[in-house]
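Only one structure is covered here, and it is reproduced in the block below.
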Amino acid sequence: MPTYETPGVYIEEQTGPGVIAGVGTSTAAFIGPAQAGTLRLPQRITSYEEFLAEYAVVVSGVLDPYITQPRQFYLAQAVRGFFQNGGSRAYVVRVGTAAATTWDVFNEDAGAGGAQVVFRVEAATEGVAGDLIALDVQPANATGAAGVAAAVANAVVTAVGGANLELTFAAPPPFRAGDVVTENETARAGVESVAGNTLRLSQPIAGLAAGNTLRLANLILAQRTLRLASTVGLFPGSVVLVRGDDADNPGNQVEEFAVVQSVDAAGFVTFATAPARTLNFNLDVAPAAAPVLISQEFSLTVTPPGGPAQAFDNLSLDPVHPGYVFTRVTSPAVRLVAPTAPPTTAGYPDRLVAAGAPDIAVHGANDDPGALGLGGRNGFQAGLDALRDVDDVNIVCIPDAAAHSECLGIQQAMILHCLAPGLKDRVAVLDSQPGALPDAVELHRQSVESPYGFAALYYPWLQVRDPLSRTFPPGTMFIPPSGHIAGIYARTDQERGVHKAPANTDVRGVLGLERRLSDAQQGPLNVNGINVLRIFQGSKTVVVWGARTTVERTINDWRYVNVRRLMLYIEESIEEGIRWAVFEPNGLPLWQKLKRTISEFLTRVWRDGALFGDSADKAFYVRIDEALNPPSVRALGELYIEIGVAVVRPAEFIIVRIGLWDGGGEVTER
């Protein structure tokens, strides 16, 4: 709190909790096999053209998204119908049995466990054609094979002064601030500064006198910083092989690996503390025999069928290195993925990449949509699982489920997905089976009952032009209605609101229906929660003439699609809109803020016509009080809010009572 001392008026801006913004309600998700595209990865699209760009293949110069073998598949038609009928945003998840060729690249570990995978190369497209890609891994050195040499320098001291810290030379000495210098390795000191012919040490070197030769000190175990004659090819993250004369056994050449932590413009390189240096290197040698640092990179060459080869040089496994393999390798033929189990090898050279042509670990496989089922790594269930973390999906469609031998299992999986813990924010649009008679659809409906109304079933199929027909007039085909229905959901939400039943509206982009039903035929279907598409006498327009969910017939609360979706809208909007209150003090001020915030949101919902009542207090109530939240509840860190809403249900049956009236008696026609 601010402290006020001088009398006066002080203005303070207060930031309130804000208002609850309604969440989106009309983002659809489509799951199915496609001609192209990444498997099991939800991709957001905002037009049918984006769908074609991602999931179609080029045939005779035209984008073709249609799969007709071993049977007709309907993902492309469903997505097109969605956008034709008012949809504006969707996610597509491609599923299929295709597999990409993969190669495992190993390290040099020759221990008991053998070499370990450091990264995996995967063909960019699935199929057996990936088997024809050739890979080659070879060692590389950004510093060049000869490496870069450590600096070697010496100069004769002409005078020692300033408490043995100031050294004078006949000419400017060949040292730099940061160097470690010595006279005979029995004592060492750092160079603090060099100015003209004068050098200042960080501490005195015992026994140093005029006439002695000062030189750069050996690279010893405790020393992490070293000046080089050149730092070309060295970067943070570089693995280097240090090769030179053993300071403990002069004349004996030794080698050691280290990792570069930093390189500066003055020529100094600093090694990381891990892996630790273990050897000492002699700098009391001629410059030509100075220790060298040879960076240890590798190259990856990718040669697709027919070439040309694409080479990536000086790659590294360290993410801070500019040649980090996962960012440097950008090939249209392959992509890189991290191993499922990171290597456990700790030391060098075992951690370095092994050279050679990697063997194919997994061969590619062409897609076989006919073998696609509910389960398996690439099945429809995998597509549903991929949608779990996509928060803004509201409508789920699998247009190829209805014609599948596992139709009921796939559609039941859709319902379970919508009911899964942590979700319950989306509904499933289900298709009847192709060519089904009304009696068969009623049996179908019994198998896709959805608790709390999280699914809706539509019948019959739609008639559209066959996009692959080359006859005149063009041939036609029948497709499942779910994509078009999802578009109608979106259009109704935009034009009227989520509370309006997505019914008594036209289906766009269609020619007709697989089957025309009469009122008498529709009646039993409607009572059983099957939404029928109709063409009425004297019209050619296909209209949606049902708005029921597949909830149990005896349950009235969740009978209608718009009621189910309206409640999802209200629930998710409130959930996201009051998240700011988590961890706030659980007292009366918080309760009042929450009540105002929620009431303001529900008032807007009521004004939009979604709640019943001639005033807001008759349309909803919000209760947050001490009876709901006694001390025992508050002690657990919990806050309970009770909300009741009077939703508007559709006028599914309009009964007009009319009779004759002659001013006295009344005659009613029945």
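The values are calculated or read from the model by the stated rules, or taken from the named source; none is laboratory data. This is a predicted model, so every value here is computed, not measured. Positions of Cβ are generated from backbone atoms using ideal geometry, with glycine treated the same way; all protein chains shown enter the neighbour counts.
Report yes if some residue within region 453-460 is at pLDDT below 95 and either in contact with a helix residue (DSSP H, G or I) (Cβ under 9 Å, 6 or more places away or on another chain) or of a type in the set (D, E, K, R) (or both); otherwise report no. No, every residue in region 453-460 fails to be at pLDDT below 95 and either in contact with a helix residue (DSSP H, G or I) (Cβ under 9 Å, 6 or more places away or on another chain) or of a type in the set (D, E, K, R) (or both). Hey, any hits in region 639-658 for a residue that's hydrophobic (A, V, I, L, M, F, W, C), at pLDDT below 95 and over 30 Å from ASN562 (Cα atoms)? Scanning region 639-658, I find at least one residue that is hydrophobic (A, V, I, L, M, F, W, C), at pLDDT below 95 and over 30 Å from ASN562 (Cα atoms), so the answer is yes.
For region 154-177, the tally of residues that are buried (at least 18 other Cβ atoms within 10 Å of the Cβ) and of a type in the set (Gly, Ala, Ser) stands at 1. Being within 30 Å of ALA333 (Cβ to Cβ), out of contact with any strand residue (DSSP E or B) (no Cβ under 7 Å at 6 or more places or on another chain), free of Cβ contacts under 8 Å to residues at least 40 places away in the same chain and not assigned by TED's automatic domain parsing to the domain that holds ARG426 narrows it down to one of GLY114, GLY162, so name that one. When all the criteria are applied, what remains is GLY114.
Looking only at region 620-637, decide whether some residue is of a type in the set (Ser, Thr, Tyr), surrounded by fewer than 13 Cβ atoms within 10 Å (Cβ to Cβ) and assigned to a loop (DSSP other than H, G, I, E, B). Taking every residue of region 620-637 in turn, none turns out to be of a type in the set (Ser, Thr, Tyr), surrounded by fewer than 13 Cβ atoms within 10 Å (Cβ to Cβ) and assigned to a loop (DSSP other than H, G, I, E, B). Scanning region 313-328 turns up at least one residue that is among the charged types (D, E, K, R) and in a helix (DSSP H, G or I). Every listed requirement among (1) surrounded by 20 or more Cβ atoms within 10 Å (Cβ to Cβ); (2) of a type outside the set (A, V, I, L, M); (3) assigned by TED's automatic domain parsing to the domain that holds LEU423; (4) outside any loop (DSSP other than H, G, I, E, B) is met by HIS499 save one, (4). Of the numbered conditions (1) surrounded by fewer than 17 Cβ atoms within 10 Å (Cβ to Cβ); (2) more than 34 Å from the chain's Cα centre (by Cα), VAL647 satisfies every one except a single condition; which is it? It fails just one condition, (1).
Considering only residues that are aliphatic (A, V, I, L, M) and assigned to a strand (DSSP E or B), look in region 80-105 and name the one that is surrounded by the fewest Cβ atoms within 10 Å (Cβ to Cβ). Talk me through it step by step, then tell me what you get.
Within region 80-105, the subset aliphatic (A, V, I, L, M) is 90, 92-93, 95, 98-100, 105.
Okay, now just the ones that are also assigned to a strand (DSSP E or B), so 90, 92-93, 99, 105.
Working: ALA90: 30, VAL92: 25, VAL93: 26, ALA99: 21, VAL105: 23.
Per the criteria, the residue is ALA99.
Being of a type outside the set (Ser, Thr, Tyr), over 26 Å from the mean Cα position of the chain (by Cα) and at pLDDT 95 or above is true of GLN433. Of the residues making up region 511-529, not a single one is touching a residue at least 60 places away in the same chain (Cβ under 8 Å) and among the β-branched types (Val, Ile, Thr).
Could you list, in sequence order, the residues of region 373-415 that are among the hydrophobic types (A, V, I, L, M, F, W, C) and part of a loop (DSSP other than H, G, I, E, B)? Correct list: LEU374, LEU387, VAL390, VAL393, ILE398, ALA401, ALA402, ALA403.
Report yes if some residue within region 346-360 is surrounded by fewer than 17 Cβ atoms within 10 Å (Cβ to Cβ), touching a residue at least 60 places away in the same chain (Cβ under 8 Å) and on the phi > 0 side of the Ramachandran plot; otherwise report no. The answer is yes; a qualifying residue exists. Beta carbons closer than 7 Å, at least 6 apart along the sequence or on distinct chains, pair a first residue in region 165-180 that is assigned by TED's automatic domain parsing to the domain that holds ASP284 and assigned to a loop (DSSP other than H, G, I, E, B) with a second that is among the aromatic types (Phe, Trp, Tyr) and surrounded by 15 or more Cβ atoms within 10 Å (Cβ to Cβ) for GLY178/PHE268.
Go through GLN43, GLN35, GLN69, GLN77 for me and flag whichever is surrounded by fewer than 17 Cβ atoms within 10 Å (Cβ to Cβ) and touching a strand residue (DSSP E or B) at 6+ places or on another chain (Cβ under 6 Å). Exactly one residue qualifies, and that residue is GLN43.
Across region 179-201, the number of residues qualifying as at pLDDT 95 or above and over 17 Å from ALA159 (Cβ atoms) comes to 5.
Does LEU430 fit the bill of being surrounded by fewer than 21 Cβ atoms within 10 Å (Cβ to Cβ) and either in the same structural domain as ASN394 (by TED's automatic domain parsing) or farther than 14 Å from VAL532 by Cα (or both)? Judged against the criteria, LEU430 is not a match. Across region 377-406, the number of residues qualifying as out of contact with any strand residue (DSSP E or B) (no Cβ under 9 Å at 6 or more places or on another chain) and either closer than 14 Å to GLY453 by Cα or crowded, with 16+ Cβ neighbours inside 10 Å (or both) comes to 4. Against the numbered list (1) in a loop (DSSP other than H, G, I, E, B); (2) crowded, with 19+ Cβ neighbours inside 10 Å; (3) not aromatic (Phe, Trp, Tyr), PRO342 comes up short only at (2).
The strands (runs of 3 or more DSSP E) located wholly in region 31-71 that include 3 or more residues which are not acidic (Asp, Glu) occupy 43-45, 57-59. For VAL23, the test of being surrounded by fewer than 19 Cβ atoms within 10 Å (Cβ to Cβ), out of contact with any Gly (no Cβ under 7 Å at 6 or more places or on another chain) and among the β-branched types (Val, Ile, Thr) is failed. For region 112-129, filtering for residues that are over 20 Å from LEU41 (Cα atoms), outside any strand (DSSP E or B) and at pLDDT 90 or above leaves 4.
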